[in-house]
Amino acid sequence: MPTHEAVDAFLTATLVGEDPILDAALAAQHDAGLPPIEVAPVNAKFLHLLTRIAGARRVLEIGTLGGYSTIWFARAVGARGRVVTIEAEEANAAIARDNLARAGVADRVEVRVGRGADVLPTLAGTEPFDLVFIDADKESNTIYLDWAARLGRPGTVVVLDNVVRGGEVADAATADSKVRGARAGLVMLGEDPRFDATALQTLDRKGWDGIAVAIVVDATASGRV
Ligand code: DHB
Ligand code: MG
């Protein structure tokens, strides 16, 4: 019986394919000692397709790491699109800037260095984002979801990464702060009238995890408040 790793390898080879620029980005961030926690290629391409399906022109990413997913978003928004990506670690941001430059998309990506909770308020008053990808410190998920709604508009797509964490999310008594963050994010997506959401479990080269996918709704018009 083939394993889920074999399936991931098959799907990646068949549907994602080879890409020297993305391979170089991964090699650069791995060589720099960044943890290998970037989204798996099949999921990165899912995010890319979702961005195109939504017709998103402005993407906000919270948690850049080495910029692997950022390149996928930058390609999805096109030459006239914009990606704002927030990274807490200057060293990671430097890797990301190199990777984005090598990918030829640096002109459409703004890398902002700082804690999400500090940088996000500075984005208020700009044009709303069409898609927000939250993939940073899990303990801050609810803060990031709140900003996603504020910086979005009705119709904005919100994706929250790592909401299953090997199944630990189903353990209401967990002491793991990242799992508690995942649970808090999901509870907020279920209860907060600004969102309509679901979640999908994923099994890929990073193991068993999942993403929540939400749309920002007009809480006053939806009758949910
Ligand atoms: C972790 C963070 C991630 O964003 C991820 O995709 C996987 C693991 C972590 O911090 O453990
Ligand atoms: Mg993640």
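Please specify each residue of region 51-65 satisfying the condition of being in contact with a Leu (Cβ under 7 Å, 6 or more places away or on another chain) and either more than 12 Å from ligand 1 (Cβ to nearest atom) or in a strand (DSSP E or B) (or both). Let's see the steps before the verdict.
Looking only at region 51-65, we keep the residues that are in contact with a Leu (Cβ under 7 Å, 6 or more places away or on another chain), and these are 51, 54, 56, 59-60, 65.
51, 54, 56, 59, 60, listed by residue number.
For the condition in contact (Cβ under 8 Å) with a residue 12 or more places away in the chain and hydroxyl-bearing (Ser, Thr, Tyr), what is the one hit in 14, 51? Break it down stepwise before answering.
Working: 14 fails: in contact (Cβ under 8 Å) with a residue 12 or more places away in the chain.
Just a single option satisfies the conditions, and that option is 51.
Modelled with pLDDT of 95 or more, charged (D, E, K, R) and over 24 Å from residue 38 (Cα atoms): is that true of residue 196 in this structure? Step through it out loud before you land on a result.
Details: modelled with pLDDT of 95 or more: yes; charged (D, E, K, R): yes; over 24 Å from residue 38 (Cα atoms): yes.
Spelling it out, residue 196 is indeed modelled with pLDDT of 95 or more, charged (D, E, K, R) and over 24 Å from residue 38 (Cα atoms).
Just a yes or no: is a residue in region 76-88 surrounded by 14 or more Cβ atoms within 10 Å (Cβ to Cβ), touching a residue at least 60 places away in the same chain (Cβ under 8 Å) and either within 16 Å of ligand 1 (Cβ to nearest atom) or under 18 Å from the mean Cα position of the chain (by Cα) (or both)?
Scanning region 76-88 turns up no residue that is surrounded by 14 or more Cβ atoms within 10 Å (Cβ to Cβ), touching a residue at least 60 places away in the same chain (Cβ under 8 Å) and either within 16 Å of ligand 1 (Cβ to nearest atom) or under 18 Å from the mean Cα position of the chain (by Cα) (or both).
Yes or no, residue by residue, for (1) more than 18 Å from the chain's Cα centre (by Cα); (2) assigned to a helix (DSSP H, G or I):
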residue	(1), (2)
160	no, no
175	yes, no
180	yes, yes
186	no, yes
200	no, no
203	no, no
209	no, no
214	no, no
220	yes, no
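Looking at (1) in a helix (DSSP H, G or I); (2) farther than 21 Å from residue 153 by Cα; (3) touching a helix residue (DSSP H, G or I) at 6+ places or on another chain (Cβ under 6 Å), which is the one condition that is false for residue 111?
Condition not satisfied by residue 111: (1).
Can you find a residue in region 128-150 that is charged (D, E, K, R), within 16 Å of ligand 2 (Cβ to nearest atom), at negative phi and touching a strand residue (DSSP E or B) at 6+ places or on another chain (Cβ under 8 Å)? Steps first, please.
Within region 128-150, the first condition is being charged (D, E, K, R), and the residues that meet it are 130, 135, 137-139, 146, 150.
From what's left, within 16 Å of ligand 2 (Cβ to nearest atom): 135, 137-139.
Applying the additional criterion that residues be at negative phi yields 135, 137-139.
Now restrict to residues that are touching a strand residue (DSSP E or B) at 6+ places or on another chain (Cβ under 8 Å): 135.
Yes, that holds for at least one residue.
When region 18-41 is examined, which residues are found to be at pLDDT 95 or above and farther than 24 Å from residue 165 by Cα? Spell out how you get there, then give the answer.
Taking region 18-41 first, the residues at pLDDT 95 or above are 19-41.
19, 20, 21, 22, 23, 24, 25, 27, 28, 31, 32, listed by residue number.
Within region 33-45, can you find the residues that are hydrophobic (A, V, I, L, M, F, W, C) and free of Cβ contacts under 8 Å to residues at least 40 places away in the same chain? First the steps, then the outcome.
Step one: list which residues in region 33-45 are hydrophobic (A, V, I, L, M, F, W, C), which gives 34, 37, 39-40, 42, 44.
Matches in region 33-45: 44 only.
Within region 1-35, how many residues turn out to be assigned to a loop (DSSP other than H, G, I, E, B), surrounded by 12 or more Cβ atoms within 10 Å (Cβ to Cβ) and under 20 Å from the mean Cα position of the chain (by Cα)?
First, the residues of region 1-35 that are assigned to a loop (DSSP other than H, G, I, E, B): 1-3, 17-19, 32-35.
Then keep just the ones that are surrounded by 12 or more Cβ atoms within 10 Å (Cβ to Cβ); that gives 19, 32, 34.
With the extra rule that they be under 20 Å from the mean Cα position of the chain (by Cα), the set shrinks to 34.
Qualifying residue count for the region: 1.
For residues that are within 16 Å of ligand 2 (Cβ to nearest atom), buried (at least 16 other Cβ atoms within 10 Å of the Cβ) and not aliphatic (A, V, I, L, M), scanning just region 184-204, find the one that is nearest to residue 13 (Cα to Cα).
Looking at residues that are within 16 Å of ligand 2 (Cβ to nearest atom), buried (at least 16 other Cβ atoms within 10 Å of the Cβ) and not aliphatic (A, V, I, L, M), I get 204.
In region 113-132, how many are without any contact (Cβ under 8 Å) to a residue 40 or more places away in the chain and in contact with a Ser or Thr (Cβ under 7 Å, 6 or more places away or on another chain)?
Just the residues of region 113-132 that are without any contact (Cβ under 8 Å) to a residue 40 or more places away in the chain, to begin with: 113-115, 117-119, 121-122, 124-126.
From what is left, the residues that are in contact with a Ser or Thr (Cβ under 7 Å, 6 or more places away or on another chain) are 117.
Residues that pass the stated criteria total 1.
Restricting attention to region 176-225, which residues are acidic (Asp, Glu), away from ligand 1 (no atom under 14 Å from the Cβ) and without any contact (Cβ under 8 Å) to a residue 60 or more places away in the chain?
Residues of region 176-225 acidic (Asp, Glu): 176, 191-192, 196, 204, 209, 218.
With away from ligand 1 (no atom under 14 Å from the Cβ) added as a condition, the list becomes 191-192, 196, 218.
Matches in region 176-225: 191, 192, 196.
The values are calculated or read from the model by the stated rules, or taken from the named source; none is laboratory data. Just so you know, these numbers come straight off a predicted model, no measurement behind them. A quick note on method: Cβ atoms are made from the backbone with ideal geometry, for glycine too, and the neighbour counts reach across all protein chains shown.
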